[in-house]
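This report refers to the structure that appears directly beneath it.
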């Protein structure tokens, strides 16, 4: 039995757009933020554990804040899946807090939705702020670890 493939004029958007998006983010520097418009629709929606914004300017402001508050932020995409207009990435994010010598590492994932032109209309980051960030902070970390032990008992 032979199967005729469905036409793919819209179905391969993520497959084509995702590699360009990944390459951009893996080399992202503050001076590259003006290029976000090459990857995001003007009214794109962005959400992570700390932010929920809509619009290219608001998304750019989040990344500007990242560069102002962190030293050496760098994304490394570990895995990627693309189907239709959707993509899913897992990544590591390395950085140092300004003025601190120790590198930090956050493991996370991103869901992307692309429009027909290959621009991101939805960027949703998933990562556990308690485990990946709060537990690593001196005072708050002690409290978070204590709470985790109490809940697990």
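Read the figures in this text as sums done on the coordinates, not as results from a lab. Since this is a predicted model, take the numbers as computed values, not measurements. Quick reminder, even Gly has a Cβ in these numbers, built from the backbone with ideal geometry, and neighbours come from all protein chains shown.
Going 7 Å from the Cα of residue 78 toward and past its Cβ, which residues in the stretch 112-130 have a backbone nitrogen under 14 Å from where you end up?
Label zone hits: 126-128.
Apply the a/c threshold of 1.5 to the C-alpha gyration tensor of the stretch 45-90 and tell me whether it is rounded, prolate or oblate.
oblate
Let me make sure I get this right: for the stretch 13-127, a, b and c are the square roots of the gyration tensor eigenvalues over alpha carbons, sorted descending. Under 1.5 in a/c it's rounded, otherwise prolate if a/b > b/c, else oblate. Which is it?
prolate
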